Amino acid sequence: MKCPNCKGEKMIYGIVFKPEVNERIVALTCNLCDGKGIITAQQKKWAVDGERMYQDRITRGFTLRLEARRKGIDASVLSDMEIGKIKPVWDPVTKEKHEDKNRVRK
Ligand SMILES: [Zn+2]
(Lines give C-alpha, C1' and ligand atoms only; values in the text may rest on other atoms or scores of the structure.)
Protein backbone atom coordinates (compact mmCIF):
# COMPACT_ATOMS: atom_id res chain seq x y z
CA MET A 1 0.00 0.00 0.00
CA LYS A 2 1.36 3.39 -1.01
CA CYS A 3 2.75 5.48 1.82
CA PRO A 4 0.38 8.45 2.50
CA ASN A 5 3.16 10.55 4.03
CA CYS A 6 5.45 10.66 0.98
CA LYS A 7 2.83 9.40 -1.52
CA GLY A 8 5.18 6.63 -2.55
CA GLU A 9 7.99 9.07 -3.36
CA LYS A 10 10.11 7.66 -0.49
CA MET A 11 11.27 11.18 0.30
CA ILE A 12 9.60 14.13 1.92
CA TYR A 13 10.57 17.74 1.44
CA GLY A 14 11.04 20.25 4.17
CA ILE A 15 12.39 23.75 4.51
CA VAL A 16 15.38 24.18 6.77
CA PHE A 17 16.10 27.58 8.18
CA LYS A 18 19.73 28.30 8.78
CA PRO A 19 21.14 31.78 9.37
CA GLU A 20 24.00 31.27 6.91
CA VAL A 21 21.90 30.06 3.97
CA ASN A 22 18.57 31.71 4.81
CA GLU A 23 16.22 28.91 3.86
CA ARG A 24 16.57 25.89 1.67
CA ILE A 25 14.47 22.94 0.70
CA VAL A 26 15.85 19.59 1.72
CA ALA A 27 14.77 16.09 0.80
CA LEU A 28 14.54 13.72 3.73
CA THR A 29 13.93 10.01 3.83
CA CYS A 30 10.26 9.55 4.63
CA ASN A 31 9.91 8.91 8.36
CA LEU A 32 6.71 6.89 8.04
CA CYS A 33 7.79 4.23 5.54
CA ASP A 34 11.55 4.64 6.18
CA GLY A 35 12.13 5.29 2.48
CA LYS A 36 10.31 2.18 1.26
CA GLY A 37 7.47 4.11 -0.36
CA ILE A 38 4.93 1.62 0.94
CA ILE A 39 3.34 0.91 4.31
CA THR A 40 1.54 -2.10 5.73
CA ALA A 41 -2.23 -2.21 6.20
CA GLN A 42 -1.59 -2.06 9.94
CA GLN A 43 0.47 1.12 9.58
CA LYS A 44 -2.33 2.58 7.47
CA LYS A 45 -4.73 2.00 10.38
CA TRP A 46 -2.23 3.49 12.82
CA ALA A 47 -1.91 6.56 10.59
CA VAL A 48 -5.69 7.11 10.82
CA ASP A 49 -5.64 6.75 14.63
CA GLY A 50 -2.55 8.92 14.82
CA GLU A 51 -4.24 11.65 12.81
CA ARG A 52 -7.15 11.61 15.29
CA MET A 53 -4.64 11.89 18.13
CA TYR A 54 -2.99 14.82 16.39
CA GLN A 55 -6.32 16.59 15.80
CA ASP A 56 -7.33 16.01 19.43
CA ARG A 57 -4.04 17.53 20.62
CA ILE A 58 -4.31 20.56 18.31
CA THR A 59 -7.92 21.14 19.41
CA ARG A 60 -6.70 21.37 22.99
CA GLY A 61 -3.89 23.71 21.93
CA PHE A 62 -1.15 21.40 23.21
CA THR A 63 2.29 21.39 21.61
CA LEU A 64 3.94 18.08 20.81
CA ARG A 65 6.30 18.53 23.74
CA LEU A 66 3.56 19.48 26.20
CA GLU A 67 1.33 16.58 25.17
CA ALA A 68 4.22 14.13 25.42
CA ARG A 69 4.93 15.32 28.94
CA ARG A 70 1.25 14.90 29.85
CA LYS A 71 1.32 11.34 28.56
CA GLY A 72 4.69 10.71 30.19
CA ILE A 73 6.39 9.72 26.95
CA ASP A 74 9.14 11.12 24.78
CA ALA A 75 8.17 13.77 22.21
CA SER A 76 9.75 11.70 19.42
CA VAL A 77 7.61 8.70 20.43
CA LEU A 78 4.47 10.82 20.32
CA SER A 79 5.50 12.14 16.91
CA ASP A 80 5.92 8.56 15.65
CA MET A 81 2.46 7.73 17.01
CA GLU A 82 0.87 10.71 15.27
CA ILE A 83 2.24 9.79 11.87
CA GLY A 84 1.39 6.11 12.41
CA LYS A 85 4.92 4.78 12.45
CA ILE A 86 4.19 3.05 15.74
CA LYS A 87 0.89 2.03 17.31
CA PRO A 88 -0.86 5.13 18.72
CA VAL A 89 -2.10 4.85 22.27
CA TRP A 90 -5.41 6.63 22.09
CA ASP A 91 -5.86 8.63 25.26
CA PRO A 92 -8.48 11.30 24.65
CA VAL A 93 -9.00 14.04 27.16
CA THR A 94 -12.69 14.84 27.37
CA LYS A 95 -13.97 18.39 27.39
CA GLU A 96 -15.77 17.70 30.68
CA LYS A 97 -12.51 16.81 32.40
CA HIS A 98 -10.98 20.09 31.26
CA GLU A 99 -13.94 22.07 32.56
CA ASP A 100 -13.81 20.30 35.92
CA LYS A 101 -10.14 21.11 36.24
CA ASN A 102 -10.78 24.78 35.47
CA ARG A 103 -13.52 24.92 38.06
CA VAL A 104 -11.23 23.49 40.75
CA ARG A 105 -8.53 26.05 39.94
CA LYS A 106 -10.97 28.96 40.37
ZN1 LIG B 1 6.71 7.31 2.98
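Considering each of 14, 8 in turn, give the residue that is within 16 Å of the ligand (Cβ to nearest atom), of a type in the set (Gly, Ala, Ser), within 18 Å of the chain's Cα centre (by Cα) and surrounded by fewer than 16 Cβ atoms within 10 Å (Cβ to Cβ).
Only one candidate qualifies: 14.
For segment 25-44, name all the residues that are surrounded by 14 or more Cβ atoms within 10 Å (Cβ to Cβ) and more than 8 Å from the ligand (Cβ to nearest atom).
Of everything in segment 25-44, those that are surrounded by 14 or more Cβ atoms within 10 Å (Cβ to Cβ) and more than 8 Å from the ligand (Cβ to nearest atom) turn out to be 43, 44.
Which of (1) in contact with a helix residue (DSSP H, G or I) (Cβ under 9 Å, 6 or more places away or on another chain); (2) exposed (fewer than 14 other Cβ atoms within 10 Å of the Cβ); (3) hydroxyl-bearing (Ser, Thr, Tyr) does residue 79 not meet, given it meets every other one?
(2)
Provide a single number: the residues in segment 22-41 that are farther than 16 Å from residue 82 by Cβ and either of a type outside the set (Val, Ile, Thr) or modelled with pLDDT under 90 (or both).
Count: 12.
The values are calculated or read from the model by the stated rules, or taken from the named source; none is laboratory data. Note that this is a predicted model, so its numbers are computed, not measured. Reconstructed Cβ throughout: ideal geometry from the backbone, glycine too, with neighbour counts over all protein chains shown.
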